[in-house]
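Contents: one structure, followed by commentary.
The values are calculated or read from the model by the stated rules, or taken from the named source; none is laboratory data. The shown structure was predicted, so the numbers you read here are calculated from the model rather than taken from an experiment. All Cβ positions, glycine included, derive from the backbone under ideal geometry; neighbour counts span all protein chains shown. Just so you know, the surface numbers come from the protein's heavy atoms only, side chains and all, with ligands and any DNA or RNA stripped out. Shrake-Rupley method; radii C 1.70, N 1.55, O 1.52, S 1.80 Å.
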Amino acid sequence: MTKQEIFDKIGSIIEDRFEVEHDKVTNDLNFRTDLDADSIDFVEFIMELEDTFGAEISDDDAEKLNTIGQVVDYVYDHQETAE
Amino acid sequence: MKIAVDAMGGDNAPEEIVKGIELARDAYPDMEFQLYGPKERIQALVTNEERIEIVHAASVIAMEDEPVRAVRSKKDSSIVLAATAVKEGRADAFFSAGNTGAVLAAGLFIIGRIKGIDRPGLTTTLPVVTGDATGSFTMLDVGANADYKLTNLEQFAVLGNFYGQTVMGIEKPKVGLLNNGTEADKGDKVHRAAFEQLSSMENINFIGNVESRELLNGAADVVVTDGFTGNATLKAIEGTALSMLSLIRSKIMASTKAKMGYVLSRNAFHEVGQVMDYSKHGGAVLLGLKGAVVKTHGSAKAETVRNTMGQIHQIVASGLIAKTVAYFEDAKATTTDAEK
């Protein structure tokens, strides 16, 4: 999957889950500061990512993910390791 | 209907859980059970496998495990596997007597919220004890969320109203907001706003604020509260009841006259015990999720497990979840149309 494809999938999850407008979804969007999200929202989001991409994201790794760009890179890197 | 059972949850698991499930199997011919736990151990306890499937779960989430971390890391645990069965549509309800936090986390993160519901509410049923009353009332949220917003209270009112109608069988349940006084201006900012909001909702029969001292007198059929207050109230009710019983017992034992009086009024004491017996009221339901999630006391014995299955039977048979999903879908469609 290309980074753009991963970005598109994550973008649609964010739009749906956090009711964010399409043009606000950028690589710099920060889940912890730019969205009205608490720790429960974040765990739900991480688990949806795991379901969508079939990769396990450890709690330690999840704590380091703050922006869409970081999640895209994370999924991209772990997908390459898996192949 | 199929029920996914965490056979390893609770102080008396798996023995009492399995025994309770067999009682429920005999009582409800349309119920099928999946028991999640170490296969050989569970198999040795089941006396008749009719409508009982044993599904191997290699690990157990212990009472002391940190809930969210345990649910995310112990993928082969009885709680996670049972919740996954509901998520994947292989079961209609998930039942456990185990680690409450883990059951809530599994419900929330694995089964997931109904679209349109921000936070699920932990819902419990308690007895109404006034006079000859043999009824009960339902209260939510009793501890799924420590923090809350106005929208959560609104949604709890809707969820509780559905529960009152479909599971408790009350046509127009009296919905009350738990507050520190009955007047409209009582409470913090959110509770004052919630009073206004619930008053304007045409689809619920809102009767205003209710005080905790009136709950057991049947002030409302559905009591709406935030999780912090609800949990504190529930524990105060349970604690007061137990303390009163202990005080009465100690006073009876302290004198011969009182003991003689007890002998004469023993039946009345027995009836009080029957009314207050929480095992008859089943378990706490996590409302607002895409499947039925029911948690019973950790100390549950077979009879409580059986009674909780009766409650789950009612929840599933009434179509509560599907009705709730449809309501919030309609509400969203109406909001979207209004925005256009």
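Details
- Counting only heavy atoms of the protein chains and using a 1.4 Å probe, B:Thr125 has close to 20 Å² of accessible surface.
- Of all the options B:Gln314, B:Gln34, B:Gln274, the one that moves most in a Gaussian network model of chain B with Cα springs shorter than 10 angstrom is B:Gln274.
- Rg/Rh ratio calculated on Cα atoms of chain B (Kirkwood radius): 1.00
- Proximal lysines relative to B:Lys74, as straight alpha-carbon distance under 23 Å, when same-chain residues fewer than 8 apart are discounted: A:Lys64, B:Lys39, B:Lys87, B:Lys290, B:Lys295
- Partner lysines for B:Lys301 [C-alpha distance under 16 Å; skip if fewer than 8 residues away on the same chain]: B:Lys19, B:Lys280
- Summing charges over neighbours of B:Gly89, with a neighbour being any other residue whose Cβ is under 15 Å away from its Cβ, gives 0 when K and R count +1 and D and E count -1.
- Placed amide H near B:Ser59: partners under 5 Å, 5+ positions off or other chain: B:Ser77, B:Ser78
- Inter-centroid distance (Cα atoms) of the range B:61-115 relative to the range B:257-310, Å: 25 Å
- FRET efficiency, 1/(1 + (r/R0)^6) with R0 25 Å, evaluated for B:Asp30 and B:Lys75 via beta carbons: 0.20
- Oblate is the label for chain A, because the ratio a/c of its alpha-carbon gyration tensor axes (a ≥ b ≥ c) is 1.5 or higher and a/b is not greater than b/c.
- Charge tally around B:Gly273: other residues with Cβ under 15 Å, Lys/Arg +1 each, Asp/Glu -1 each, net -1.
- In Å², nearest 10: area of B:Lys290 left accessible to a 1.4 Å probe: 130 Å²
- Rg and Dmax over the alpha-carbon atoms of the range B:181-340 stand at 21.1, 78 Å.
- The fraction of all Cα pairs in the protein assembly as shown landing in successive 20 Å bins from 0 to the largest distance is 24, 52, 21, 2, 0, given as whole percents.
- Here's how it looks for B:Asn209: its modeled amide H is under 5 Å from those of B:Leu177, which are all 5 or more places away or on a different chain.
- Added length on full extension, which subtracts the Cα-Cα distance from 0.36 nm per residue, B:Asp11 to B:Ala326: 109.6 nm
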